[in-house]
Amino acid sequence: NYYQLYAELNVFDGFATINALKQAKLSRDYSATAMQKIQDDRAIDVMQKYVDAAYAEASIRIASEKLNESKRMLAKMKRLYELGEKGRPDVVQMESQVAEDEYNLTHQENVAKQSLLALKSAMNFPVDEELKIQIAEERNLKLTSDNKEVPESGVNYETVYQGFQNISPDLKSAEYEVERARYDYKIAKGRLLPSLSLGGGISTNYYKNLSQKGQYDGFASQFHNNQGEYLALTLSIPIYNSDHWHSVKKARNDWQLAQVNLEETRRKLHDQIAQAVMDAEGYAKELHQMQKKVASDSLAYHMSSRKFEEGMLSTFDLHTAAQTLLESRIKELQMQMLLIIKQRLVAYYQGENLIR
């Protein structure tokens, strides 16, 4: 029986082992960045769907107010018709307006249900449980704690970009890919270098011939007397290996592509931040002007309804004034939604947590 115990230690392998350890540590640190990226993407998606659901809910209220006003005018029209001050065509036209408003309200209710379902799906919220969207008074949605007409001045997108570079999950991921590719390149180059390993072992044997009778030393005695030790230093020099050279070229190309992708990620992030800041400022100005227009259209409709009741305005002109006010209120609501989203994105780029 022959027994052997052998161990080998790499003294030098072109730093492949060291680089592999560094790469493993880098991968461990990257996992936190990957998780943060998933959370941020999910938060942005939920925010978008929440705003869509809130917009749909607010549209229901606008459509309901429009329907109630049309019903009120229809009731007054019927009384004026009974008094002989209005003709039957005016009543029919107002009934048509009421039917149109009822359809719009029904349509908005269906849109709200679909938007709420999409929000529940994004939040992993049970579909059969109730989820309410809060709407504040005076047509201002309670989506931010300080919903202002105009965002704070002095927001410089270059400053925001410089600060967000250090915490951007997308940028960190791209930087990780560069470092990972760099270590792959170093490991591939290390395989082209000579390797040196130190090995050593202990061997022994035990002998006994069962076919021959005689005296034999005991197992312990033979194990000790037949014991041998050895130490070896092995140098391996790669002459040519086409696979290794191909791996080096591929790793170098991957590293260069990762660097290009990093610069492209930086450029896109810079453009996204600049676009978000400019959009927030632009939507704030548009909302401010639209609020003025809504006030003017509301006053114009009120005056038109008074003239209509006095017989100084046709049903068609009253309908035109009502539609103008409705369109202005819808556009105002749209500007609010867009402004809220852009303000939240700018706040995110400034380091604010979207999950709150």
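Figure the gain on full extension for LEU192 and ARG267 (residue separation times 0.36 nm, minus the Cα-Cα span) and round it to one decimal in nm.
Here the segment from LEU192 to ARG267 would lengthen by 23.3 nm.
Evaluate E = 1/(1 + (r/R0)^6) for HIS107 and ARG72, where r is the Cβ-Cβ distance and R0 equals 25 Å; express this FRET efficiency to the nearest 0.05.
Efficiency, rounded to the nearest 0.05: 0.70.
Determine the dipole magnitude for the chain: charges of +1 sit on the beta-carbon of Lys and Arg, -1 on that of Asp and Glu, nothing else is charged, the reference point is the Cα centre, and the result goes in debye to the nearest 20.
For this selection, approximately 900 debye.
Between ALA20 and GLN162, take the C-beta separation as r, use R0 = 45 Å, and let me know the FRET efficiency to the nearest 0.05.
0.85
Keeping all protein chains in position, work out how much accessible area HIS288 exposes to a 1.4 Å probe, and write it in Å² to the nearest 10.
Here the accessible area works out near 60 Å².
What aspartates and glutamates could a cross-link reach from LYS250, if we take a straight Cα to Cα line under 12 Å and drop same-chain neighbours fewer than 8 places away?
Partners within reach: ASP184.
Once fully extended, how much extra length lies between LYS331 and PHE125, figured as 0.36 nm per residue of separation less the alpha-carbon to alpha-carbon distance?
Here the answer is 71.1 nm.
What is the gain in length, in nm to one decimal, between TYR6 and GLN289 on full extension, counting 0.36 nm per residue of separation less the C-alpha to C-alpha distance?
93.5 nm
Rounded to the nearest 0.05, what FRET efficiency is calculated for GLN39 and GLU65 with R0 set to 30 Å and r the Cβ-Cβ distance?
0.15
Let's test this: bin the Cα-Cα distances of the chain at 10 Å from zero up to the farthest pair and state each bin's percent.
For the chain, the binned pair fractions read 5, 15, 16, 14, 12, 10, 8, 7, 5, 4, 3, 2, 1, 0, 0 percent.
Leaving ligands, DNA and RNA out of it, work out the accessible area of ASP45 with a 1.4 Å probe and give it in Å² to the nearest 10.
60 Å²
Among 24-30, 324-330, how do they line up from the highest to the lowest mean number of other beta-carbon atoms within 10 Å?
In descending order of packing, they fall as 324-330, 24-30.
For the peptides 79-89, 7-17, 94-104, what is the packing order when you average, over each peptide's residues, the other Cβ atoms within 10 Å and list the highest mean first?
Sorting 79-89, 7-17, 94-104 by mean packing, highest first, produces 94-104, 7-17, 79-89.
Arranged from highest to lowest average of other beta-carbon atoms within 10 Å per residue, in what order do the peptides 35-44, 59-68, 177-186 appear?
By packing density, highest mean first, the sequence is 177-186, 59-68, 35-44.
What aspartates and glutamates could a cross-link reach from LYS76, if we take a straight Cα to Cα line under 14 Å and drop same-chain neighbours fewer than 8 places away?
Answer for LYS76, where 14 Å is the Cα cut-off: GLU85, ASP90, GLU95, GLU309, GLU310, listed by chain and number.
Take the cross-link list LYS113/LYS172; LYS71/LYS292; LYS78/LYS285; LYS37/LYS113; LYS132/LYS307 and give me the ones stretching past 32 Å between alpha-carbons.
LYS113/LYS172; LYS78/LYS285; LYS132/LYS307
The values are calculated or read from the model by the stated rules, or taken from the named source; none is laboratory data. This one's a predicted model, so the numbers in the text were calculated from it and none came from an experiment. Cβ atoms come from the backbone with ideal geometry, glycine included; neighbour counts cover every protein chain shown. SASA here: full protein model, heavy atoms, side chains in, ligands and nucleic acids out. Shrake-Rupley method; radii C 1.70, N 1.55, O 1.52, S 1.80 Å.
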